[in-house]
1. Where a Cα-Cα gap under 15 Å defines reach, which aspartates and glutamates qualify for LYS69, not counting those fewer than 8 residues away within the same chain?
2. How are the C-alpha pair distances of the chain spread across 5 Å bins, as whole percents from the shortest bin up?
3. How much length, in nm to one decimal, is gained on full extension between GLU98 and PHE64, taken as 0.36 nm per residue of separation minus their Cα-Cα distance?
4. If the reach is capped at under 22 angstrom between alpha carbons, list the lysines near LYS46, excluding any in the same chain fewer than eight residues apart.
5. So, in nm, how far is label SER57 from label ILE4 when the simple model puts each one 7 Å beyond its Cα toward the Cβ?
6. Scan around ILE31 for amide H atoms under 5 Å from its own, H built in the peptide plane at 1.01 Å from N, and keep only partners 5 or more places away or cross-chain.
7. To the nearest 20 Debye, how big is the dipole of segment 1-76 about its Cα centre, given +1 on the beta carbon of each Lys and Arg and -1 on that of each Asp and Glu?
8. Explain nothing, just compute: Karplus ³J(HN,Hα) = 6.51 cos²θ - 1.76 cosθ + 1.60, θ = phi - 60°, for every residue of segment 39-45 in order, whole Hz, x for Gly and Pro.
Amino acid sequence: MVTIANIHDSKAAYLLMRILKELCSSVKTIIADGGYRGGLAETLRKTFGYVLQVIISNYREQGFRPIRKRWIVERTFAWFDNNRRLCRNYETTFDSAEEMNWSSN
């Protein structure tokens, strides 16, 4: 999902969950980073039945350690950067930016 820059991801998450509910009914747990803390987890649980598991790193105490499951997402973004059209945002519309993500696969 591509949104404009002044909409925080946690605000767009509600719309994304509506779409996810229609397309992927088998999803039960969603893993998110610290930006999704707050009332969003309770709202998603009540409205859609999803469990939002917020993972917060404590690297300051333990030093750097990869967070389980999150490395999969980071690796995927690294693969996107291998594509010349995806390493920078050359697109002028949201639809063309999303289409570039789909066509690069």
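1. Answer for LYS69, where 15 Å is the Cα cut-off: ASP33, listed by chain and number.
2. 2, 10, 16, 18, 20, 18, 11, 4, 0
3. Contour length minus the Cα-Cα distance gives 9.0 nm.
4. Once the sequence-local lysines are set aside, what remains near LYS46 is LYS11, LYS21, LYS28.
5. 3.1
6. It is GLN53, by chain and number.
7. Details: 13 positive and 6 negative charges, 38 e Å.
Computed about the Cα centre, the dipole is about 180 debye.
8. x, 4, 4, 5, 4, 5, 5
Where a number appears in this text, it was derived from the coordinates with a stated rule and is not lab data. This one's a predicted model, so the numbers in the text were calculated from it and none came from an experiment. Cβ atoms come from the backbone with ideal geometry, glycine included; neighbour counts cover every protein chain shown.
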